[in-house]
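*Asks:* Please find one structure pasted underneath; my questions will follow.
The values are calculated or read from the model by the stated rules, or taken from the named source; none is laboratory data. Since the structure is predicted, the reported quantities are computational estimates derived from the model, not experimental observations. Every residue, glycine as well, gets a Cβ built from its backbone with ideal geometry; the counts of neighbours run over all protein chains shown. Remember, those area values only see protein heavy atoms, side chains included, never the ligands or the DNA or RNA. Shrake-Rupley method; radii C 1.70, N 1.55, O 1.52, S 1.80 Å.
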Amino acid sequence: MPAQIVVLGSLNMDFVVRVEHLPAAGETVLGSGFQMIPGGKGANQACAAGRLSSRAVGTRMVGRVGYDVFADHLKASLAAAGVDVAYVHATRSQPTGIALIWVDRNGQNSIIVASGANHAIAASDVEGVRAAFRGASYALFQLETPLAAVAAAMKTAREEGAKTILDPAPACALPADLLAQVDVLTPNESEAMILLGGDPAAAVVNPAETAAALRSLGPRAVILKLGSRGCYYDDGAETHSAPAFAVQAVDTTAAGDTFNGAFAVAMAEGQPVAEALRFANAAAGLSVTRMGAQASIPTRKETDEFLAAR
Ligand code: RIB
């Protein structure tokens, strides 16, 4: 069966520690509750798509791991979510990617990623995985794999008829020819500011103006992810403000990834954009109520029940 959703991106083993407050430079803080949890922005989005799909929509992951025990755990986590991992290839040149994550009492986090094998995927590798994109409706990308590989894979995905969704995280200035290949760009506030050359610490005051400015850089549609304020969608023909669901935040890690996987599932199922945004907000909201990346991503049943109760 061709996968309708294909994710090219990172797989990381997350080393997670809870702290009262995030440490300042030079400060030592005592943490607790250490856990190793499957993560990586790409793998999280694939996991979300796999767990949230109604099974009519298959999901496939394309990425790189090392030859180590983390690789086995990360592939097993995705396979258990129903994701095809046949295109997750191992390299001897690097270890599997890892992330060090601190989560404070308000659920806010700091993350350091050691990319390892995630950076061993090159633009020249993309033609060799062209078949992974064949028949896909949506191809999802982030920026934890090399930019040249992302650009090449986006071009390939579009040639194979897929729509592209780019999560510009971690953010950096992006070339115009890459942004021109993006069907849906999904920055959070600080990523939007970086793409527009502004102050990453500044809040988005006017989502409509910010989304329009981002669309003028090349993407056909923009979803601005505004955290507890929900999201704002603009594709030039329709706009939507979709409020977030009120939840008790435990850990925001992978909320944005869950949003993207859920949005792609709903769109691949043919749901209207407004419904897809509501579904994605619900799944992301549920993920915030639990610790960890893939450990926090809800199932389709949980998300449908959450929505039915509202
Ligand atoms: O988006 C959350 C993810 O960022 C974590 O799982 C971590 O691996 C980093 O890639």
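*Asks:* Treating cross-link reach as a plain straight distance, find the lysines whose alpha-carbon is under 24 Å from the alpha-carbon of Lys163, omitting any fewer than eight places away in the same chain.
*Replies:* Lys41, Lys155, Lys225
*Asks:* Using a Gaussian network for the chain with springs between C-alpha atoms less than 10 Å apart, which of these wobbles most: Phe34, Phe259, Phe133?
*Replies:* Residue with maximal mean-square fluctuation among Phe34, Phe259, Phe133: Phe34.
*Asks:* So what is the relative contact order for the chain, in percent, with contacts set as C-alpha pairs under 8 Å and at least six apart?
*Replies:* 18
*Asks:* What does the C-alpha gyration tensor say about the overall shape of the stretch 40-117? Classify as rounded when a/c is under 1.5, otherwise prolate if a/b is larger than b/c, or oblate.
*Replies:* Judged from the Cα gyration tensor, the stretch 40-117 comes out oblate (a/c at least 1.5, b/c at or above a/b).
*Asks:* Measuring from label point to label point, each 7 Å out along Cα→Cβ, what is the Ala213 to Ala201 span in nm?
*Replies:* 1.8
*Asks:* Of the heavy-atom accessible surface of the stretch 143-274 (probe 1.4 angstrom), what whole percent is carbon and sulfur?
*Replies:* 56
*Asks:* Separate question: Can you work out the accessible area per residue across the chain, with the rest of the protein chains kept in place, probe 1.4 Å, in square angstrom?
*Replies:* Averaged over the residues of the chain, the accessible area is 40 Å².
*Asks:* Now for a separate question. Shape verdict for the chain, please, from the Cα gyration tensor: rounded (a/c under 1.5), prolate (a/b greater than b/c) or oblate. Before the final figure, lay out each step's value.
*Replies:* Details: a/c = 1.23, a/b = 1.03, b/c = 1.19.
Judged from the Cα gyration tensor, the chain comes out rounded (a/c under 1.5).
*Asks:* For an R0 of 25 angstrom, estimate the FRET efficiency from the Cβ-Cβ distance between Ala176 and Lys155 and round to the nearest 0.05.
*Replies:* Details: r = 14 Å, r/R0 = 0.56.
Working from the Cβ atoms, E equals 0.95.
*Asks:* Give me the one-decimal nm value for the distance between modelled label points at Val69 and Thr239, 7 Å along each residue's Cα-to-Cβ direction.
*Replies:* Each label point is offset 7 Å from its Cα along the Cβ direction, giving 5.3 nm.
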